[in-house]
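Working notes, structure below.
Each value in this text was obtained by applying a stated rule to the coordinates, not by laboratory testing. The structure presented is a predicted model; accordingly, all values stated were derived computationally and were not measured. Cβ sites come from the backbone with ideal geometry, for glycine too, and all protein chains shown count toward neighbours.
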Amino acid sequence: MRKIRGSARSAWAATRRSMIGAWNVFKSNNGSQAAASFAFFCFLSLLALLFFSGAVLGFVLKDHPDLLRRILDYMAANTPGLTDTVSEALQASINMRGVLSVGGALGLLFTGTKVFDSLQIWLCGIWEVESPRFLRRKKKSLASLAFIAVTGLLGFGLHAAFLLASRWQGGLRFFAGGFSFALSALIVFAASLFIYSYAVEATPGPRRLWKGALFSALLLNPLQLLLTWYYGNLGDFSALYGSFAGVVLTVIIIYYAGYIIFLGAALNRFLAKG
């Protein structure tokens, strides 16, 4: 019993030391400002993604209005705080799909690479290496954007397949919540590990960076759900911000998501120093 207690205390002390060390790395490298930059470009990317998605869906499913409506309702319902904004943006992009398909793609390309540019610059800062030159940085940002897109589409496809299967097998609905959490955590883990190891060439590699990626994966989804529940049930955002409440909520969620991602990177940096 004493050995078990001693091991538990040692594990807690090591975890506490790692968390304090990661916070110090995060704070000394202006992590909060980096998270703000991340939130700004992510929000712009989200809007560009909505316009582009609506244009593509409007073109592909123009002869299947019922299926299109179901997809739009699903996307709106799963975008916390932005239901009206999502519906309006998607409907506008469907009506103007010829123009917005090009504009949305270019906007997504620009803002998406900016997200990963800011990640690269900050990660290079904490690893104390020089940031890649413009062309190489853009190349890495495009590769990261493509990886996230493929991973996200794969996750969306698996989630849709599970929902369809649960309609045929009612017992699967009991596992829907756990499956969604596990799938989102797996996507975040893969994306974080790829970014942590690919954005900076001086890192020790994925085998030594998985702890920070796991940290991000396990905290990101619960944080999003907690903030959505809090502001939806306890916070009176509508009274304070009016029609902008959904926008403010989304930016806040992305901001704290950036906090988690940067803290995971700071944890990796601290463990590498030790």
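Our coupling estimate for segment 13-24, obtained by passing each phi through the Karplus curve with A = 6.51, B = -1.76, C = 1.60 and θ = phi - 60°, is 5, 5, 5, 4, 5, 5, 5, 5, x, 5, 5, 5 Hz, Gly and Pro reported as x. Sorting the segments 40-46, 145-151 by their mean number of nearby beta carbons within 10 angstrom, highest to lowest, gives 40-46, 145-151.
Residues in segment 249-266 carry Karplus couplings, in order, of 4, 5, 4, 5, 4, 5, 4, 6, 5, x, 3, 5, 4, 6, 5, x, 5, 5 Hz; the curve used is 6.51 cos²θ - 1.76 cosθ + 1.60 with θ = phi - 60°, and Gly or Pro positions show x.
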